[in-house]
1. How much length, in nm to one decimal, is gained on full extension between residue 33 and residue 11, taken as 0.36 nm per residue of separation minus their Cα-Cα distance?
2. What percent does the relative contact order of the chain come to when contacts are Cα pairs within less than 8 Å and at least six residues apart?
3. For the chain, what is the calculated [θ] at 222 nm in deg cm²/dmol (nearest 500), taking -39500 (n - 2.57) for each run of four or more DSSP H residues and dividing by its residue count?
4. Counting only other residues whose beta carbon sits under 13 Å from that of residue 53, what net charge do I get with K and R as +1, D and E as -1?
5. How would 71, 50, 27 line up by accessible area, probe 1.4 Å, largest first?
6. With Kirkwood's inverse mean 1/r over C-alpha pairs for Rh, give me the Rg to Rh ratio of the chain, two decimals please.
7. How large, in percent, is the carbon and sulfur part of the accessible surface of the chain at a probe radius of 1.4 Å?
8. Can you list the residues, at least 5 places off or on another chain, whose amide H is less than 5 Å from the amide H of residue 17, using H built in the peptide plane?
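The values are calculated or read from the model by the stated rules, or taken from the named source; none is laboratory data. Note that this is a predicted model, so its numbers are computed, not measured. Here the Cβ positions follow ideal geometry from the backbone for every residue, glycine too, while neighbour counts run over all protein chains shown. To get the accessible areas, we keep the full protein, side chains included, count just its heavy atoms, and leave off ligands, DNA and RNA. Shrake-Rupley method; radii C 1.70, N 1.55, O 1.52, S 1.80 Å.
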Amino acid sequence: IDFDLILENVKDLNVLAGEGISQIEHMPGGARLRQPEPLPLTLYQNGIVMFGGPFRPYEDPSTQQCLQDIMDGYFPSELQMRYPDGV
């Protein structure tokens, strides 16, 4: 696992996802600016935790696919169900 590449690509993906850019949220009687919700990802020596969920060891095939997607410069494909309209 190339942690330097993962960190570099996560920074690039954060920019694509609109990090630091406010979005307009329409509300009854007006609107307000809102920051996109962050997606927490914690890297450990032997696995990851995403969304504060369960620990996922690097040996797990779904964890390997998630990290491979990031190393390839893409958002993890497992997020498609959670974000069907994209980032």
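1. 5.6 nm
2. Values: 78 pairs, mean separation 18.8, N = 87.
For the chain, the relative contact order is 22 percent.
3. The helix contribution divided over the chain gives -9000 deg cm²/dmol.
4. Around residue 53, the surrounding residues sum to 0.
5. 27, 71, 50
6. 1.04
7. That fraction is 55 percent.
8. Those qualifying (amide H under 5 Å, at least 5 residues apart or on another chain) number zero.
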